[in-house]
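Inspection log for the structure reproduced underneath, given as structure tokens.
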Amino acid sequence: MDIQEYINSGILELYVYGALSEKESREVTRELKKYPEVKAEVEEIEEALMMLSKAVAPNNAEHLITTIKEKLTNVSPTPTRKIPVKRINWVTYSGWAASLLLLIGLFLFFNRTNNLRNQLSSARAQNAQMEQQIADAREDATNAKELLAVIRDKNVTRVQLAGQEVAPNAYASVYWNATENKAYIDAAELPTPPRGKVYQVWSLTMQPLTPTSIGLLEDFETDDNKVFSLENVNQSEAFGITLEPEGGSETPTMEQLYVLGTVAAP
Amino acid sequence: MQQDALIAELQNGNPRAFERIYQLYSESTYGIIYSIIKDEKIAEEVLQDVFLKIWDKAPTYNSDKGRFFTWVLNIARNASIDKIRSKGFKNSQQNLKADNFVNILEDKTSFAESVDSIGLKKYIDKLKPVCKKLIDYLFFRGYTQKETSEELDMPLGTVKTRNRMCIEQLRKIVIK
């Protein structure tokens, strides 16, 4: 991966905003852990944004901390409690026996509170984990629902793209919604592009044959469902997908045409 | 690394870590809240709620999913949006003079020492209208890339690259 290009794409700003999907964010986090340049860039973007939002604040709000701290729940380090010890005027032996009993009692008491505290914190952690899992599952379900809605839309034309010379087994579908100018590319049956290459989708009009790029299938490898949504404002008569150097090309490299298919006449 | 340790301490329920987090993040969080609420008193209330939430929910923060700042940002925006949608708020708010962060900054006369106010004002003056919108939607209001692209009628990729240019100018001014 070209780090500079990745940084320049603007994805890191969106990452700090929280404007990416959870999946995309996780991907950026992975890159950030791999490349110190990416991390430094993210930190600087964050600092600049913090400065900007600080400037918007009416004042520094420092005085609120006392009020807030009073309302905190579950503060962990418990204050040490003094256990009142009654002085018993008794024979020395029984005094010793009493303090021994007290010691045992104290030990048991601390042991139990400690156990409880451990149980509490593990329950808290488990809760957090569950919340996470539910949130993830919910996101998956929403994604699937969205996809289904796209395919079922009555304005959608399905175009099947068959494998060409370089990849006879490849296959892809375009779900084209001409009223919304959207094309959804289902590319699950395309082979993973080699390093430094990217699939580019073309809208074609015949007579004369004119290809117009409608976009790249970016982050192909990491995209789980391999469905990509692109803008298509063209009066497309056919769609094709070629393999191009990273960043895409001005015109399609015809020797690297993977799949092609024509739109059925209405 | 220090930052990670601080967040881990916060997640363990250490009140001193919480205090430090408050020092680091309260002012920018307040800015976000104020840009949505536009009323100082109510924004202060929301700020308190937000930090109580940060304390309670700290164990659910997962660094794989994004920056801690982003996590705080989301809590702040959601709490502010809930507030302005609430019944009591709608009735009490008639005089909303400022529209977004740009107007707030233009009207503002006193700044914290750490802020290069002259630089920022110049930045705002020179900022292209499209940048004002992008930063307002994406940063202050928390729109997704897709929502922003629909709202501004701009392709997804353009949102990404345009916004980067807007933020680069900001960085030149505020990062020393």
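Only one of these is part of a helix (DSSP H, G or I) and touching a residue at least 40 places away in the same chain (Cβ under 8 Å): B:Lys133, B:Lys122, B:Lys172. Name it. First the steps, then the outcome.
Details: B:Lys133 fails: touching a residue at least 40 places away in the same chain (Cβ under 8 Å); B:Lys172 fails: touching a residue at least 40 places away in the same chain (Cβ under 8 Å).
On inspection, the qualifying residue turns out to be B:Lys122.
Given A:Ala61, A:Ala48, which one is of a type in the set (A, V, I, L, M), within 18 Å of B:Ser28 (Cβ to Cβ) and not in a helix (DSSP H, G or I)?
Exactly one residue qualifies, and that residue is A:Ala61.
Each row is one residue, and each column tells you yes or no for (1) out of contact with any Asp or Glu (no Cβ under 7 Å at 6 or more places or on another chain); (2) within 7 Å of chain A (Cβ to nearest Cβ).
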{"site": "B:Ile7", "(1), (2)": "yes, no"}
{"site": "B:Gln11", "(1), (2)": "yes, no"}
{"site": "B:Tyr22", "(1), (2)": "yes, yes"}
{"site": "B:Tyr25", "(1), (2)": "yes, no"}
{"site": "B:Ile36", "(1), (2)": "yes, no"}
{"site": "B:Lys65", "(1), (2)": "no, yes"}
{"site": "B:Ile81", "(1), (2)": "yes, no"}
{"site": "B:Ile84", "(1), (2)": "yes, no"}
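What are the residues in the stretch B:19-43 that are under 30 Å from A:Glu41 (Cα atoms) and surrounded by fewer than 17 Cβ atoms within 10 Å (Cβ to Cβ), if any?
Matches in the stretch B:19-43: B:Glu19, B:Arg20, B:Gln23, B:Leu24.
Regarding B:Asn78, is this residue farther than 25 Å from A:Ala40 by Cβ, modelled with pLDDT under 90 and among the polar types (S, T, N, Q)?
Details: farther than 25 Å from A:Ala40 by Cβ: yes; modelled with pLDDT under 90: no; among the polar types (S, T, N, Q): yes.
The answer is no for B:Asn78.
Could you check how many residues of the stretch A:87-137 are among the hydrophobic types (A, V, I, L, M, F, W, C) and more than 27 Å from B:Lys65 (Cβ to Cβ)?
17
Here are some residues: A:Thr253, A:Thr192, A:Thr222. Which one is surrounded by fewer than 19 Cβ atoms within 10 Å (Cβ to Cβ), in contact with a helix residue (DSSP H, G or I) (Cβ under 7 Å, 6 or more places away or on another chain) and not basic (Lys, Arg)?
On the way: A:Thr253 fails: in contact with a helix residue (DSSP H, G or I) (Cβ under 7 Å, 6 or more places away or on another chain); A:Thr192 fails: in contact with a helix residue (DSSP H, G or I) (Cβ under 7 Å, 6 or more places away or on another chain).
Matching residue, one of A:Thr253, A:Thr192, A:Thr222: A:Thr222.
Only one of A:Lys39, A:Lys54 is within 19 Å of the chain's Cα centre (by Cα) and assigned to a helix (DSSP H, G or I); which?
A:Lys39
Among the strands (runs of 3 or more DSSP E) lying completely within the stretch A:152-235, list those that include at least 1 residues that are under 25 Å from A:Glu5 (Cβ atoms).
Filter on the stretch A:152-235 gives A:182-189, A:197-205, A:210-216, A:227-231.
Scan the stretch A:64-73 residue by residue and report those that are assigned to a helix (DSSP H, G or I) and at the interface with chain B (Cβ under 8 Å from one of its Cβ atoms).
Answer for the stretch A:64-73, where residues must be assigned to a helix (DSSP H, G or I) and at the interface with chain B (Cβ under 8 Å from one of its Cβ atoms): A:Leu64, A:Ile65, A:Thr67, A:Ile68, A:Lys69, A:Lys71.
Taking the criterion of being within 22 Å of B:Val174 (Cα to Cα), more than 7 Å from every other protein chain (Cβ to nearest Cβ) and crowded, with 20+ Cβ neighbours inside 10 Å, would at least one residue in the stretch A:12-20 satisfy it?
yes
Which residues, counting only those in the stretch B:142-153, are within 10 Å of chain A (Cβ to nearest Cβ) and assigned to a loop (DSSP other than H, G, I, E, B)?
Across the stretch B:142-153, the qualifying residues are B:Gly142, B:Tyr143, B:Thr144.
Restricting to the stretch B:44-54, and then to whatever is within 7 Å of chain A (Cβ to nearest Cβ) and among the aliphatic types (A, V, I, L, M), can you tell me which residue is surrounded by the fewest Cβ atoms within 10 Å (Cβ to Cβ)?
Among them, the one singled out is B:Leu52.
The values are calculated or read from the model by the stated rules, or taken from the named source; none is laboratory data. All of these numbers come straight from a predicted model, not from anything done at the bench. Here Cβ is always computed from backbone atoms with ideal geometry, including for glycine, and neighbour counts include all displayed protein chains.
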